[in-house]
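Everything on this sheet refers to the single structure shown next.
The values are calculated or read from the model by the stated rules, or taken from the named source; none is laboratory data. Owing to the predicted nature of the structure, the values given are computational and were not obtained by experimental measurement. Cβ placement follows ideal geometry from the backbone for every residue including glycine, while neighbour counts extend to all protein chains displayed. Note: areas computed on protein heavy atoms with side chains; ligands, DNA, RNA excluded. Shrake-Rupley method; radii C 1.70, N 1.55, O 1.52, S 1.80 Å.
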Amino acid sequence: MAWTALSIGLDALSYGMVLFIISIGLSIMMGLMRVVNLAHGAFAMIGGYLASFALKSAGVGYPLAIVLAVLGTIAIAFPLEFLLYRRIYRKSDELTQILLTIGIAFVIIGVANYILGPTTKSIPLPSLLSGPVDLGFRMIPAHRIFVMICGVCTAGLLWLLIDRTEFGIRLRAAVDNGDMAESLGIKTQILFSATFALAVGLAAFGGVVGAELLPVEPFYALRYMVTFLVVVSVGGAGSIPGAVAASILLGLADTTGKYLAPEYGEFFFYLAVILVVFLFPNGLLGRRH
Amino acid sequence: MTDRIMVDGMSAPRFSVPLELRAVAITLALGALGYTLFPDDLAFLTRLISITLLVLSLDLVTGYCGVATLGHAAIYGVSAYVVGNACLAGHSDPLLLLLVGAVAGAVMGLVSGLLVTRFKGLPQLVLSIAVGQLIAALANKLSSLTGGSDGLSGISPGRLFGVYAFDMYGRTGYVFSVAVLMVVFVVLLRIVHSPFGLLCQAIKDDSLRARMIGARVYPRLVLMYGVSGVVGGIGGALNAINTGVVGLDSVGFERSAEALVMLVLGGAGSLWGALIGSIVFQVFEHYVSAANPFHWMTMVGALLIAVVLFAPKGLVSLGGLLAGRAASLLRRRP
Amino acid sequence: MSQSLLELRNVSMSFGGMRVNDDISFSIGKGERVALIGPNGAGKTTLVNVISGDLTPSQGAVHLAGVDVTALPISDRVDAGLIRTFQITRLFKSLTVAQNVALAVMQRKGLTRSMFSSPIDRPDVRLEWERALGMLGIAHLADRQVSQLAYGQQRLLDLAIGLALEPKVLLLDEPAAGVPSEESSKIIEAIDRLPSDIAVLMIEHDMDLVFRFARRVLVLANGKLIFQGNPTEVTHHQEVRRAYLGSYADARHAS
Ligand SMILES: Nc1ncnc2c1ncn2[C@@H]1O[C@H](COP(=O)(O)OP(=O)(O)OP(=O)(O)O)[C@@H](O)[C@H]1O
Ligand SMILES: [Mg+2]
């Protein structure tokens, strides 16, 4: 019994960390630009595709593939930012944002499907990460541990970035009061673009390192669109600790549900979501807007 | 907003009758047009009408109440399943089944409304999705009631009025569906122009101001969700009655998202917009998506982006604009 | 004051650590005309938000006709006759001018549950919304969309909605601010012609208007009620002059 619980806990934790890495960018974007970006998962998917291509066709190593995937995704996403996202930062109503970003997601799915076909693309792991690790009570894939380390590092580095750097100070000022920040001479458009790049880069990173848990295929963008949004809502837009808590909680709800009652699919996950949103409408650790 | 322009003579009551007559005439004309254009594909048209009811239902909450939802298919799908099961249990009178669908839809609508309209913004959107996904997961699980991924099949409704059978050509089903759509549309026109409908629009515009004239916002929105549920439920019932099968796709996320796309394409906040959007979209889909379903996705995406950028009020506003231009051109002529 | 319609008892309102209303108590009786003045950011609008129920005070209580309404939702206060207007116009943009006012009338008469009938043209309803529009001289705009109105006209409509609700206590938040003089004179006329038994609390920066309208003036500065009295007393009060009136009072004094 205890081992089962521990086992579930470990799986939940690694799944939760993937959710966190991907969702945190969305959360920061929502906190700062107030944009509901339903295409966020599509960028994670693009990252996965690029890494798969770099590893299998270009033959580069795993670490370099991650870097290339992140940079490549940012490069692909930037024109979209320039042409489309800029129009909906902060001002547009929610419905407009939903429609525009679903539209972007659909186009990305369609194009990915056309170019790469409907099959799942694997992202081969280096030998260091592909074997199991013996934890004494259970074998666990080394990759899961890697994912958890990635999650912790992401959270830590983001915290440093936001708490300790000039960029972070401006970011927080703009989140707290965008109009004021503008009048203080903070160039919000540049800040927004930088944040967008950060968000998309994090999504791509999560898409690559999480590919074992969320396999990369064209409908990835649609399949997990909702999950990432839910993490942000439950955590509270713009809150790093909130996103960590929400990712782990939702990872736990999902994993437990699938362990104990697999035939119910995502039932328990969404039940948990409804309960949490009702109890904490501004997120577990979110602030009122 | 065409229906608003048409009703601008609101202060003169004699205009309210022609508005409804016009709706009757237009739906009948569209029905006849459909029959002449697709005489061999009435199944497509009945499906189109069923989805149109879902889009109208969505318009009531999204267009008239400002509730952004991505889970509306839950109402439609659950009603379809309930109707299917009622029929399999031996209650096969089509009108009774329609009623069953309406009631199931109302219940689903009220429950969704209680959950979804409690908050605004992101929590609202997420709740709408969660309700939809919850229902989808349940539908998958309760395969004894839904047939799981095989779908619930073998639904064969009895004769309409005890006379007209739902034949393989689908004529009965088509006429029945057109008639249902017509009645629903006319009733909805009344509702959106009633004080209740106006109050919902007022809440959408500015809910604090609405409170400050004494409105109880939450109960009103829940009630409108109930009305929307009735309409969506009737749509689901038509789906079950006409096709004889109900699949998991009828509760799915994609169905909800597509309904939203159709609504926005036509113009949210106008019943005419919902009607035009769902017809244009589905006819387009009928021709194009058969060719290549993956290009279809790209095209829907591009279409959505284009609508948001260039026609944020939907086709119905473009129509109104063109009509206005034409009228002013005519007027300029001596 | 035996006939007190609106009474505030030690009301405080804080946002985070910032105390925007600090221990405010006053009461307004039937038929009274009271002005609330104070510098920008003094907390006047916040006070109206608290009274109308948009905000729940951190401390203290609001009483309406002797009943504690602090915990009641906005709509119940409106039903009891507590009506407000907004400093920044808030209207129903997708409705016509007539519908904006008619909706208020129908809400008051409990007709907004009606789903199938259209009582907007029922004689008794129509009479009322036409009268409210007429009082502000915008009856001829009845069929316009709100978005087609000029700003001054929108302010008139905002007040018309308030009047259509038949207030017992009316809170006006700078009704004439930013309004061209043609419209502002209509607003002033309408306020002058309000039924004499209702209580009116008006926030206003224009001291001429305050002197013309009010028999009593409340002065708010830094969230505190620093003075209340009749208009002449106010102009002579040192602290008020320092906090707010400044040159205006001096000019008036000199003349
Ligand atoms: N919801 C809120 N959250 C935080 N601070 C607020 C909020 N509402 C108002 N404030 C602050 O409270 C103070 C008082 O604002 P308020 O609008 O009540 O002033 P006012 O007296 O109406 O000013 P004005 O004459 O400019 O209308 C201001 O400093 C304002 O920034
Ligand atoms: Mg103010």
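Using a Förster radius of 60 Å, what is the FRET efficiency between C:THR232 and A:PHE78 based on their Cβ-Cβ separation? Nearest 0.05, please.
0.35
When each full DSSP H helix of chain A is screened for a Cα extent of at least 20 Å along its own axis and an average Kyte-Doolittle hydropathy of at least 1.0, the helices passing are A:2-33, A:62-80, A:94-116, A:142-164, A:188-209, A:240-260. GNM remark for chain B: springs join alpha carbons under 10 Å apart, and the peak mean-square fluctuation among B:LEU322, B:LEU145, B:LEU98 falls on B:LEU322. The alpha carbon gyration tensor of the range C:68-220 gives principal lengths a ≥ b ≥ c with a/c of 1.5 or higher and a/b no greater than b/c, which makes the shape oblate. Using alpha carbons only, what's the Rg to Rh ratio of chain A with Rh from Kirkwood? Checking Rg against Rh, the ratio lands at 0.96.
Along its principal axes, chain C has C-alpha extents of 59, 43, 36 angstrom, given from the largest down. Put simply, the C-alpha atoms of the range A:200-285 give a gyration tensor, and the ellipsoid matching it has half-axes of 20, 19, 11 Å, longest first.
Only protein heavy atoms count here, probed at 1.4 Å, and on that basis chains C and B bury about 3300 Å² of accessible area in total.
Here the gap between A:LEU116 and A:GLN189, fully extended at 0.36 nm per residue and compared with their Cα-Cα distance, gives a gain of 22.9 nm. Between A:LEU71 and C:ARG113, the simple label model (points 7 Å from Cα in the Cβ direction) yields a spacing of 6.8 nm. With both labels modelled 7 Å from their Cα along Cα-to-Cβ, the C:ASP121 to A:SER130 distance reads 7.8 nm.
On a full-extension model of 0.36 nm per residue, what is the gain between B:LEU114 and B:LEU95, subtracting their alpha-carbon distance, rounded to one decimal in nm? Intermediate values should be presented prior to the final figure.
Numbers: separation 19, 0.36 × 19 = 6.84 nm, distance 2.84 nm.
Answer, rounded to one decimal: 4.0 nm.
Calculate what fraction, in whole %, of the accessible area of the range C:91-166 sits on carbon and sulfur atoms when a 1.4 Å probe is rolled over the protein chains. Here carbon and sulfur together make up 54 percent of the probe-accessible area. Percent antiparallel among DSSP beta bridges with both residues in chain C, to the nearest 5? Here the antiparallel bridges make up roughly 55 percent for chain C.
Just the C-alpha atoms of chain B: what Rg/Rh do they give, with Rh taken as the Kirkwood radius? Working shown, then result.
Details: Rg = 19.7 Å, Rh = 20.3 Å.
Here Rg/Rh amounts to 0.97.
Taking every protein chain into account, the 1.4 Å probe leaves A:LYS258 with about 90 Å² of accessible area, to the nearest ten.
For the protein assembly as shown, would you read off the P(r) tail past 37 Å as a percentage of all alpha carbon pairs?
Numbers: 203466 of 385003 pairs.
Cα-Cα pairs in the protein assembly as shown separated by more than 37 Å: 53 percent.
How big is the Cα convex hull of the range B:82-213 in projection, averaged over all directions, in nm²? List each step's numbers first, then the result.
Values: hull surface 42.1 nm².
Over all viewing directions, the range B:82-213 projects a mean Cα-hull area of 10.5 nm².
Which value results when the Cα radius of gyration for the range A:1-110 is divided by 2.2 N^0.38 Å? Working shown, then result.
Details: Rg = 17.0 Å, N = 110, 2.2 N^0.38 = 13.1 Å.
Its radius of gyration relative to the 2.2 N^0.38 Å reference: 1.30.
Between the alpha-carbon centres of the range A:229-272 and the range A:58-76 there is a gap of 29 Å.
Compactness check for the range C:12-123: Cα Rg over 2.2 N^0.38 Å is 1.29. Distance from the alpha carbon centroid of the range C:159-230 to that of the range B:256-310 works out to 51 angstrom. Spacing of the modelled spin labels on C:ARG215 and B:ASP41, each 7 Å from Cα toward Cβ, amounts to 7.8 nm.
State which helices in chain B qualify, where a helix is a whole DSSP H run, it must extend 24 Å or more along its own axis by its Cα atoms, and its mean Kyte-Doolittle hydropathy must be at least 0.5.
On the way: long enough: B:16-37 (32 Å, 1.32); B:42-62 (29 Å, 1.94); B:94-116 (31 Å, 2.38); B:121-141 (30 Å, 1.24); B:171-193 (33 Å, 1.89); B:217-243 (38 Å, 1.01); B:271-288 (25 Å, 1.26); B:293-310 (25 Å, 1.93); B:315-332 (26 Å, 0.89).
Flagged H segments are B:16-37, B:42-62, B:94-116, B:121-141, B:171-193, B:217-243, B:271-288, B:293-310, B:315-332.
Distance from the alpha carbon centroid of the range A:159-173 to that of the range C:84-138 works out to 50 angstrom.
Can you divide the C-alpha Rg of the range C:91-166 by 2.2 N^0.38 Å and report the result to two decimal places?
On the way: Rg = 11.4 Å, N = 76, 2.2 N^0.38 = 11.4 Å.
Rg over 2.2 N^0.38 Å, computed on Cα atoms: 1.00.
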